[in-house]
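The structure under discussion appears below in the form of structure tokens.
Any read-out appearing in this document is the output of simple, stated calculations on the displayed coordinates, not a laboratory observation. Note that this is a predicted model, so its numbers are computed, not measured. Virtual Cβ from ideal backbone geometry, glycine too; neighbours counted across all protein chains shown.
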Amino acid sequence: MRLNRRESGLLMGAVLLSVFLCAPFLVVMAAARSDGGELVPQRTPLADLCIWFPPAKAAQLVPESRAPVSQAIFYGEVQCDWASADDRTQLSLSAYRPSGALTAEKESIEVRDFYNGRAPDKGEPAGIGELSMIGVRHGSDYTEAHIIVRDGVLVAQVTYRVPGKATDVEGKAREAAAELMRLLPPKGR
């Protein structure tokens with residue numbers, strides 16, 4: 001079978017168009033494949049705190065805990081929770097970084113508003129990141145420390161709750177917050 005010039009030009013154009021349209025998809029698929037040929041989701045501290053937070057530190061803070069529960073709260077915020085078998089000791093970590101095509105100014109405003117909306121009413125500086133607050137609450141049968149940290153375009157929170165009138169809840173919450181900030185990308189970048 002012999003093609004005339006017009007048919008060969010159309011055929012060549014169709015082949016080039018197909019290559020041009022499929023190439024980006026093939027490049028992305030090749031980059032996403034692991035050695036075994038399976039797609040592997042990207043695992044980062046901002047995507048999965050439960051995997052990245054050191055298990056030894058979590059076990060120290062919440063002895064004999066159940067498996068941690070990871071969840072995406074809303075677009076840009078992830079959370080990981082550990083709880084003891086009786087639910088009396090709890091550790092909750094969360095990280096928020098604005099997502100999407102935001103300008104630097106809009107990111108800054110969004111992070112500031114997020115931080116201000118969650119900072120404890122009565123608290124004191126925690127000395128972590130650019131800006132941080134810690135608040136301690138004593139209930140009838142528990143003590144809870146809540147730390148919120150802002151660093152660049154990142155906001156991290158730690159809530160640590162133990163039964164009774166514990167005295168070192170604040171110090172242990174600070175340890176968890178410092179460890180969390182060490183894992184997360186500096187300034188959220």
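For segment 114-189, the calculated P(r), taken from all Cα-Cα distances in 10 Å bins from zero up to the bin holding the longest distance, is 21, 52, 23, 4, 0 percent. 3J(HN,Hα) along segment 150-158: 10, 9, x, 9, 10, 10, 10, 9, 9 Hz, from the Karplus curve 6.51 cos²θ - 1.76 cosθ + 1.60 with θ = phi - 60°, whole Hz, x for Gly and Pro. The local environment of Y160, defined by Cβ-Cβ distances under 15 Å, has a net charge of 0 under the rule Lys, Arg +1 and Asp, Glu -1. The H on the amide N of L46, modeled in the peptide plane, is under 5 Å from the matching H of no residue at least 5 residues off or on a different chain.
Per the Debye formula with a single identical scatterer at each Cα and no solvent contribution, what log10 I(q)/I(0) holds for segment 57-163 at q = 0.22 Å⁻¹? These q points yield log10 I(q)/I(0) values of -1.19. Within segment 121-155, whose backbone N sits under 17 Å from a point 7 Å along Cα→Cβ of F74? Flagged as within label range: 154-155. In a DSSP loop and with at most 12 other Cβ atoms within 10 Å, the GluC sites (Glu not before Pro) in segment 95-189 are E130.
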